[in-house]
Amino acid sequence: MTIAVTKLPEAEPRKRHVAIGTFDGVHVGHQAVIDDADTVLTFDRHPLEILHPPAAPKLIMPFKVKRDVIDGLGVDELVVIPFHKEFSEIPAEGFVEQVLVERLGAKEVSVGENFRFGAQAKGDPKMLEGRSEFTTRVVPLIEVDGETVSSTRIRALVAAGEIEEARRCLGAPFMLEGIVVEGDKRGRELGFPTANLIPDVDLVSPGHGVYAAFANGLPSAVNIGVRPTFESGRGVLIEAYLIDHDEDLYGQNLRIAFVSRLRGERRFPSVEELVAQMHRDVEEARDVCASFQPS
């Protein structure tokens with residue numbers, strides 16, 4: 001990682017090209033806003049968590065993943081606003097003067113055309129364009145497959161298991177990560193030992209089913225669901241079988257990048273039929289991962 005991460009109160013003023021936004025998912029529309037910026041200004045908590053908690057969405061990615069994706073775009077510094085009630089009450093003009101001009105020293109500002117800021121969301125791109133301290137670049141919304149790309153749309157696609165459509169909007173595979181926990185060890189008994197993650201309730205997860213994915217960069221077959229063949233009574237689990245790789249990953253961080261949905265989750269009449277299907281799933285996942293071409 002080469003990007004510097006700075007909390008807003010600790011940022012040193014300098015001539016900056018600042019891209020501003022929540023940037024949950026860092027999708028292709030966000031990437032267009034960030035293009036050529038040396039600084040990204042974002043929020044530590046989604047603003048709706050403070051402004052209207054019942055409407056706060058599940059996030060597409062945790063902060064660490066967002067940081068890494070933005071780092072991959074060649075940005076020098078990620079400035080993070082610790083968003084709280086007091087900050088939400090700063091008027092739009094105050095945000096411009098105190099944050100962009102005085103604290104960051106912005107000379108160029110990039111935002112999406114639907115960006116709003118300041119108390120009661122009264123600030124908009126037109127207000128930014130009227131300032132003389134910096135130039136403003138307003139980026140139009142981007143369409144993929146005939147629809148506007150948005151974090152809301154991507155959340156719905158991921159939750160529905162439409163991973164390939166989500167990938168086209170994100171410009172990269174959807175990713176999630178977590179610490180590997182112990183499962184019921186049934187996968188090992190069946191010949192398919194898995195690294196297991198418990199879904200984070202604050203993050204969107206793919207719908208139940210079997211997926212081809214890369215787990216820590218290794219081709220994998222991933223099952224998400226409740227394992228109905230065994231009626232274990234346990235909650236939803238993310239089970240990653242790392243193909244041709246057997247390593248004890250308990251307690252380690254695992255990052256999964258989803259490539260394609262292979263099938264839905266279903267109950268099998270017998271364990272033997274389940275195992276036969278698992279063999280087919282693994283071979284299909286192997287082929288999908290081998291032919292995958294990054295965007």
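FYI, it's all coordinate maths here, none of it is from the lab. All figures in this text were calculated on a predicted structure; none of them were measured in a lab. Virtual Cβ from ideal backbone geometry, glycine too; neighbours counted across all protein chains shown.
Listing for the model above:
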{"item": "Least to most buried among C169, C289 (fewest other Cβ within 10 Å first)", "result": "C289, C169"}
{"item": "Listed residues P219, P269, P62, most fluctuating in the chain (Gaussian network, C-alpha, under 10 Å)", "result": "P269"}
{"item": "Cα-projected label distance for S270 with T152, points at 7 Å along beta-carbon direction, nm", "result": "5.0 nm"}
{"item": "Potential extension, K107-N253 segment - 0.36 nm per residue separation minus Cα distance", "result": "48.7 nm"}
{"item": "Trypsin sites (Lys or Arg not before Pro) restricted to DSSP loop in the range 236-279 with at most 12 other C-beta within 10 Å", "result": "R267"}
{"item": "J(HN,Hα) series, the range 99-110, from Karplus relation 6.51 cos²θ - 1.76 cosθ + 1.60, nearest Hz, glycine and proline x", "result": "8, 6, 7, 6, 7, 9, x, 4, 10, 9, 10, 10"}
{"item": "Amide H partners (placed H, <5 Å) of F83, local residues excluded", "result": "D44, R45"}
{"item": "Stretch gain in nm, segment V181-A121, where the contour uses 0.36 nm per residue and the Cα spacing is subtracted", "result": "17.4 nm"}
{"item": "Karplus-derived 3J(HN,Hα), 6.51/-1.76/1.60, for each residue of the range 215-222, Hz, glycine and proline x", "result": "10, 6, x, 9, x, 8, 10, 10"}
{"item": "Residue order, fewest to most beta carbons within 10 Å, for I81, I179, I70", "result": "I179, I81, I70"}
{"item": "Rg and Dmax [Cα atoms of the chain; Å; Rg one decimal, Dmax integer]", "result": "21.5, 71"}
{"item": "Per-residue HN-Hα couplings for the range 205-213 [Karplus 6.51, -1.76, 1.60; θ = phi - 60°; Hz; x = Gly/Pro]", "result": "10, x, x, 4, x, 10, 10, 8, 7"}
{"item": "Residues with amide H under 5 Å from that of T6, placed H, sequence gap 5 or more", "result": "L78, V79, V80"}
{"item": "Share antiparallel - DSSP beta bridges, the chain, percent rounded to 5", "result": "60 percent"}
{"item": "Taking the range 17-122 and dividing mean pair separation by its residue count, relative contact order in percent (alpha carbons under 8 Å, at least six apart)", "result": "37 percent"}
{"item": "Whole-number percent relative contact order across the range 174-291, with pairs defined as alpha carbons under 8 Å at least 6 apart", "result": "34 percent"}
{"item": "Label-point separation, A290 to E143 (7 Å along Cα→Cβ), nm", "result": "3.9 nm"}
{"item": "Mean-position separation - Cα centroids, the range 112-132 and the range 37-61, in angstrom", "result": "17 Å"}
{"item": "Sequence-distant residues sharing a close amide H with V139 (under 5 Å, placed H)", "result": "V111, G112, E113"}
{"item": "Label-point separation in nm, R280 to A159, each point 7 Å along Cα→Cβ", "result": "3.1 nm"}
{"item": "Rel. contact order, % - alpha carbon contacts under 8 angstrom, at least six apart, the chain", "result": "17 percent"}
